[in-house]
Amino acid sequence: MTEQPGRLAAYWERQLDKLDENERKRAQQLPSWRTRKHRRALVAVLVLADLALIAGAANFTAAPGWVFPAFWLSGLVVGGFAFMTLRILTGRMCGSFSRLLDEREREWRHRVTYIGYQVLSYLMVIAFLYGLIIADTEEGGVRGAMMLSALLVTGTTIPSIVLGWALPDDDPEDFEEGMGNA
């Protein structure tokens, strides 16, 4: 029984080493996009995609048949692209293990995680109130669930939005050092 914790710790160390290796590979992707200008453009795209999801959820049964799929699918596809690209450009700071981050990055992650948690909490209150307001309407439960999912997706993008908007430009010397070590 005493061997089990050691084996589990060794397993997690191997998994973290794999994450380290994958993170080093991602750090070399999109070098010309690692500027505040490009990140802010992606933030704008992501915010618009989140708003499209919310608009699609609000019009789930109230509008003609093409409105919901147009808003929802475009919001998911465009937002997914912008979200994944922002995560690459921000070094996955909002989702990495502490071991993979330096002190400055940990502080950024803690700040944006807290902001994201607060915003997500408010969005869930809004979803709750929306559900109560439309409960007696036709298909109120489904419409409430669609709005809940749209606001949940929006809330999960908040840390990447904050990081993408606020992070300074990467230091070119750090990037060149990283390429030399690869």
With a ≥ b ≥ c from the Cα gyration tensor eigenvalues, square-rooted, and the rule rounded for a/c under 1.5, otherwise prolate when a/b > b/c and oblate otherwise, region 37-159 is oblate
Taking a ≥ b ≥ c as the square roots of the eigenvalues of the Cα gyration tensor, with a/c under 1.5 meaning rounded and otherwise prolate when a/b exceeds b/c and oblate if not, region 107-155 is prolate
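Taken together, the values in this text are just the output of simple stated rules run on the coordinates, not laboratory data. Just so you know, these numbers come straight off a predicted model, no measurement behind them.
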